Amino acid sequence: MGHVLAVVSQKGGVGKTTTAVNLAAEFALRGVKTLLVDCDPQGAVKYGAGLRPNHTAYGLADYIAGTRTLREIVLPTTLPWLRVILVGTVTNESDQSAFQELMVETDLLPALLASARARCDVVIVDTPPGLGGIVRQVLSASQHVIVPLQCEPLALQTTPQILRALENISLDNEELTLDGIVLTMFDENNEVCTRVADYVRRHLPPDMVFDVVVPRSAAAAEAFAAGQPVVVRNASDASARAYAQLVTELQERFQ
Ligand SMILES: Nc1ncnc2c1ncn2[C@@H]1O[C@H](COP(=O)(O)OP(=O)(O)O)[C@@H](O)[C@H]1O
Ligand SMILES: [Mg+2]
């Protein structure tokens, strides 16, 4: 049985998608059979996951609407061991709310994750910000969750909230482990950033925060803009090395 790892955070713009895409690509580069699933109606995975040119944009929304089969929405990438399921056709506001309602009403998403787990070694799930219905559905079928945390002052207010919520959710899903918080977009020359990082490390149990920190790097943002994970495009970049280290730590836990 493979492992389902959800990437979750209270806030948007903290590096969730970047983290999901790079962890998935790094697992795949190591020959681990990996599936990346985008559950965020914003659909950002499409831009950064290294899909083949001329791929279709069908995904979860089309599958749950019954217009595409599962086989049709599992897309290949430039990496042999990485497949991607996009969020699919959710282009406007009304699509988004219909998608959310359907996702919460049906058990298709947990069922899909359970069957993906039987076929893949690792299933990484990118989620919309917050802990709404979709994220709860994802967590009901996950064994692991990590929380990217951008080192900025507001992070200190939202972190206890999400940790409490995750604790509550794990009461319903005994299999779910909070693997930890990973500090993202870290800038050692920014005083606010280092202060927030120190505070987080002082106030949370040590096993709750990964030692490895993802630095802010131009290469990470550029890779995303060029449609590729930074671990593929620029493996020697500091952010790529951080994601590689994170995968090494996760692999140890997955054994
Ligand atoms: N380590 C990093 N260094 C520089 N820019 C980053 C880094 N991680 C993410 N970004 C950029 O920050 C923005 C938000 O990241 P994203 O992964 O989309 O966050 P989320 O999915 O939480 O909304 C994107 O423009 C992304 O390219
Ligand atoms: Mg995102």
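How many of the residues making up region 1-44 are closer than 21 Å to ILE181 by Cα and within 12 Å of ligand 1 (Cβ to nearest atom)? Let's see the steps before the verdict.
Going residue by residue through region 1-44, those that are closer than 21 Å to ILE181 by Cα are 3-27, 36-40.
Narrowing the set further to residues that are within 12 Å of ligand 1 (Cβ to nearest atom) leaves 7-23, 38-40.
Counting residues in region 1-44 that are closer than 21 Å to ILE181 by Cα and within 12 Å of ligand 1 (Cβ to nearest atom) gives 20.
If we keep just the residues of region 208-231 that are touching a strand residue (DSSP E or B) at 6+ places or on another chain (Cβ under 9 Å) and among the aliphatic types (A, V, I, L, M), which is nearest to LYS16 (Cα to Cα)? So the residue we want is VAL214.
Among the residues of region 80-112, those that are crowded, with 20+ Cβ neighbours inside 10 Å and in contact with a Ser or Thr (Cβ under 8 Å, 6 or more places away or on another chain) comprise LEU82, ARG83, VAL84. Candidates in region 214-255 are the residues that are polar (S, T, N, Q), out of contact with any Ser or Thr (no Cβ under 8 Å at 6 or more places or on another chain) and within 27 Å of LEU178 (Cα to Cα); of these, the one that is modelled with the lowest pLDDT is GLN255.
Condition first: of a type in the set (D, E, K, R), within 12 Å of ligand 1 (Cβ to nearest atom), surrounded by fewer than 22 Cβ atoms within 10 Å (Cβ to Cβ) and under 28 Å from ALA238 (Cβ atoms). Can you find one or more residues in region 166-185 that meet it? There is no residue in region 166-185 that is of a type in the set (D, E, K, R), within 12 Å of ligand 1 (Cβ to nearest atom), surrounded by fewer than 22 Cβ atoms within 10 Å (Cβ to Cβ) and under 28 Å from ALA238 (Cβ atoms). Residues in region 130-155 that are of a type in the set (A, V, I, L, M, F, W, C), part of a helix (DSSP H, G or I) and farther than 12 Å from ILE181 by Cα: ILE134, VAL135, VAL138, LEU139, LEU154. Among the residues of region 15-33, the ones that are crowded, with 21+ Cβ neighbours inside 10 Å and either within 12 Å of ligand 2 (Cβ to nearest atom) or under 19 Å from ARG119 (Cα atoms) (or both) come to 13 in all. Only residues that are in contact (Cβ under 8 Å) with a residue 24 or more places away in the chain and within 16 Å of ligand 2 (Cβ to nearest atom) were counted across region 177-224, and they come to 7. Just checking, does region 120-131 include any residue being away from ligand 2 (no atom under 16 Å from the Cβ), surrounded by fewer than 17 Cβ atoms within 10 Å (Cβ to Cβ) and not aromatic (Phe, Trp, Tyr)? Scanning region 120-131 turns up no residue that is away from ligand 2 (no atom under 16 Å from the Cβ), surrounded by fewer than 17 Cβ atoms within 10 Å (Cβ to Cβ) and not aromatic (Phe, Trp, Tyr). GLY180 fulfils the conditions (1) part of a helix (DSSP H, G or I); (2) within 17 Å of the chain's Cα centre (by Cα); (3) of a type outside the set (Lys, Arg) except for a single criterion, (1).
The values are calculated or read from the model by the stated rules, or taken from the named source; none is laboratory data. From a predicted model like this one, the values you see are computed outputs, not experimental measurements. Reconstructed Cβ throughout: ideal geometry from the backbone, glycine too, with neighbour counts over all protein chains shown.
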